[in-house]
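These notes are about the structure you will find just below.
The values are calculated or read from the model by the stated rules, or taken from the named source; none is laboratory data. What you are looking at is a predicted structure, and each value in this text was computed from that prediction instead of being measured. All Cβ positions, even for glycine, are placed from backbone atoms using ideal geometry, and neighbour counts span all protein chains on display.
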Amino acid sequence: MTKTFDDDAQALPQLLAAVQAAALDYLATIDSRPAATDFAAPGLLALPDDSAGAQAALTLFLQRFGAAMPAANGPRFWGFVTGGTTPAALMGDWLASTYDLNLSSAANSNAPAIEFEAIHLLRQLFGLPESFGGTFVTGATMANFAGLAMGREWVGRQHGLSVAERGLTALPPIAVLGGEAHSSIFKALAMLGLGRAAYHRAASLPGDREAVDVAGLSRLLAAQEGRPCIVVANAGTVNTVDFDDLRAIAALKRDFPFWLHIDAAFGGFAACAPAFRHLVAGMELADSLTIDAHKWLNVPYDAAMIFTRHRDLQRAVFQNSAAYLGEIREPVDFVHLAPENSRRLRALPAWFTLMAYGRSGYQAIVERNCAQAQCFGAMIESAAEFALLAPVRLNVVCFTLAGAADAATVAAFLARLRDDGRVFLTPTVLHGTPAMRAAFSNWRTTDADLEIAFGALLACR
Ligand SMILES: *Cc1c(COP(=O)(O)O)cnc(C)c1O
C-alpha cells in the first residue's frame, strides 16, 4: 500500500505536469464554458479498498466532473459578487498548498511574516493607517463575526466586565444598530449569542437609496439612553452598492457610546480608484472593518480580512492559551487573533497578486469593472424588455423584467439564463420588487462580454 505513495512521489514531475495540463485546459476554455450549471450529481462512489494512485484519481475526476466544471471564475459569472483568480494569485495559491504551512505561530516558520507583509500591502491599497492591524479569515462572514465579537467585548468592558471571560449573562441585551445590513451580519449575531433580533434597523434615505438615514440612526442611538451598543455601517450594499455616510456615522460617537463596525466586503475597493474614493471616506474611523479578498482582490476562495484598531480586544476574544502552544509573545501570533487555530497560508495568493499588479493594477480592475457596469446599465435602461431599478453607483446593475414581474417569473427567467450558460445572474428583491443583479468584479471581464451577455438576456426573455 505505502508503495503507491512512494511511486507517486517518484512520479511527481509527471503528475504535476498532468494536473497543470488539466488546469490549462480548463483555463483555455473558460470563455466558452457555461458560467454556471444545474449539475445532476451522479451516484455516490464507494471508498476504494486499494490504492490506484494519483494519476488514476485525476483521470476519474476529470471523467466524472471535469467537463461540467463551470466558469464560475470566468468573465460572465455576474451572480452575487464574485471575483476571479488573477494569474499571480493562482501561482500563490498553488505554492500555499505546496508549502502547507500553518499560520498559527511565528515561533516555527515565516508564515506569519508573510501574512503581516500582505496585510501591510493591503493597508496601503485601501489607504488605512498603520494603527489598523489585519487578520486573514475565510470570508466576509467570518470577518463580520470577528468584528462584532470585538464589539461585543468592547460593550462588555463599558459595563466593567469581559464577555470573553464571563459570557453574556451578566449584561443587559446588546443592541446592534444599522441600515441595510448584509445577511451575514444576522448570521454572525446568531453565532455570537447576541441573536438576530438584537438588530435594530434604521430606515434608508428616501427614494431609491439603500444608504442609512443618519438622522434616523441617531434617533435609534438616542433610544439606547446611554447604553453602549454596536453600529454596523455599510460600505457597499449588495443590491445597488449604496454607501452609508461613514464620516457622519462616526461623528455620532461624540454623542453616543458605540463600536463602529464597517462592512466594506467589496465596496472597500472603491478606495483603489480616485473617482470612487470619496464613497469610503471615513472608512479609517472604523473600530473594526471587513474587506473580502475572494471578491474584488481576485484571489481564490476562501479569503477575507478583518481590520481593527483594537488588537487588545481582538486578543481578549480570540486568545488561545495552551501549554503546548507556548507563551504569548509580541507581535501576537495569529492563533490568538483569529477564530481559527490552524490556518492555511491564505495570505500568499494576496501577496502574489498585490506584488504582481500593484496599486495601478487594482485601480485598473476597479475602474474597468465600474465602467462595464455603467455600460451594461445603459444597455438595460435602453431595452424595452428590462427596467433598471437604481442608478449604477459602482459595479452592480440592479434591474428587473419590464412589466411588473413576480418573483416566480424572475426565477424562471434566471433559470433559462443559467441553462443558456452565457451569463449567470442571481435574484434579489429591491424595495419589494423582485429583481436581479449583474455584479462586475472579475479581472477577466471585457467589453465584448457585455454584448455576449446582453444577447443571452434578450434570447431568454
Ligand atoms: C459577500 C458579502 C458578505 C459575505 O461574504 P462571504 O465572503 O461570502 O462570507 C458580507 N458583506 C457584504 C457586503 C458582502 O458583499
For residue 68, state whether it is under 30 Å from residue 266 (Cα atoms) and touching a Gly at 6+ places or on another chain (Cβ under 9 Å).
no
Of everything in segment 206-217, what is in contact (Cβ under 8 Å) with a residue 12 or more places away in the chain and surrounded by fewer than 18 Cβ atoms within 10 Å (Cβ to Cβ)? Give them in sequence order.
208, 213, 216
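Conditions (1) closer than 30 Å to residue 396 by Cα; (2) at pLDDT below 95; (3) outside any loop (DSSP other than H, G, I, E, B), marked per residue:
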| position | (1), (2), (3) |
| --- | --- |
| 21 | no, no, yes |
| 25 | no, no, yes |
| 39 | yes, yes, no |
| 45 | no, no, no |
| 61 | no, no, yes |
| 74 | yes, no, no |
Evaluate segment 57-66: report whether one residue or more is closer than 30 Å to residue 447 by Cα and surrounded by fewer than 16 Cβ atoms within 10 Å (Cβ to Cβ).
yes
Restricting attention to segment 407-420, does a residue exist that is part of a loop (DSSP other than H, G, I, E, B) and at pLDDT 95 or above?
no
Just give me the residues in segment 393-420 being in contact with a Ser or Thr (Cβ under 9 Å, 6 or more places away or on another chain), surrounded by fewer than 21 Cβ atoms within 10 Å (Cβ to Cβ) and in contact (Cβ under 8 Å) with a residue 12 or more places away in the chain, in sequence order.
401, 405, 410, 414, 419
Matching residues in segment 235-262 - criterion: being within 15 Å of the ligand (Cβ to nearest atom) and either aromatic (Phe, Trp, Tyr) or outside any loop (DSSP other than H, G, I, E, B) (or both):
235, 243, 246, 261, 262
Restricting the search to segment 438-461, which residues are touching a Pro at 6+ places or on another chain (Cβ under 8 Å), crowded, with 21+ Cβ neighbours inside 10 Å and assigned to a loop (DSSP other than H, G, I, E, B)?
442, 445
Can you confirm whether segment 168-175 contains a residue that is surrounded by 19 or more Cβ atoms within 10 Å (Cβ to Cβ) and either within 16 Å of the ligand (Cβ to nearest atom) or without any contact (Cβ under 8 Å) to a residue 24 or more places away in the chain (or both)?
no
I'd like to check something: does segment 221-230 contain any residue that is under 30 Å from residue 344 (Cα atoms), more than 12 Å from the ligand (Cβ to nearest atom) and either in contact (Cβ under 8 Å) with a residue 24 or more places away in the chain or of a type in the set (A, V, I, L, M, F, W, C) (or both)?
no
In segment 263-315, residue farthest from the ligand (Cβ to nearest atom) [restricted to those that are part of a loop (DSSP other than H, G, I, E, B) and among the charged types (D, E, K, R)]:
309
Being out of contact with any strand residue (DSSP E or B) (no Cβ under 9 Å at 6 or more places or on another chain) and not polar (S, T, N, Q): is that true of residue 142 here?
no
Hits in segment 113-137 - residues which are hydroxyl-bearing (Ser, Thr, Tyr) and either crowded, with 20+ Cβ neighbours inside 10 Å or within 8 Å of residue 347 (Cβ to Cβ) (or both)
135
Please identify the pairs in which a residue from segment 176-192 that is touching a residue at least 12 places away in the same chain (Cβ under 8 Å) and assigned to a helix (DSSP H, G or I) has its Cβ atom under 7 Å from the Cβ atom of a residue that is more than 9 Å from the ligand (Cβ to nearest atom) and charged (D, E, K, R), counting only partners at least 6 apart or on another chain.
186/196; 189/196
Expected output for segment 292-313 (first residue over 22 Å from residue 234 (Cα atoms), partner within 11 Å of the ligand (Cβ to nearest atom) and of a type outside the set (D, E, K, R), Cβ below 6 Å, 6+ apart or cross-chain) is 299/293; 301/294
With respect to residue 347, is the statement that it is of a type in the set (Gly, Ala, Ser) and either at pLDDT 95 or above or within 18 Å of residue 136 (Cα to Cα) (or both) true?
yes
Residues being within 15 Å of the ligand (Cβ to nearest atom) and in a loop (DSSP other than H, G, I, E, B) - total across segment 101-149:
2
Name, by its number, the condition in (1) out of contact with any Lys or Arg (no Cβ under 7 Å at 6 or more places or on another chain); (2) of a type outside the set (Ser, Thr, Tyr); (3) crowded, with 20+ Cβ neighbours inside 10 Å; (4) outside any loop (DSSP other than H, G, I, E, B) that does not hold for residue 200.
(3)
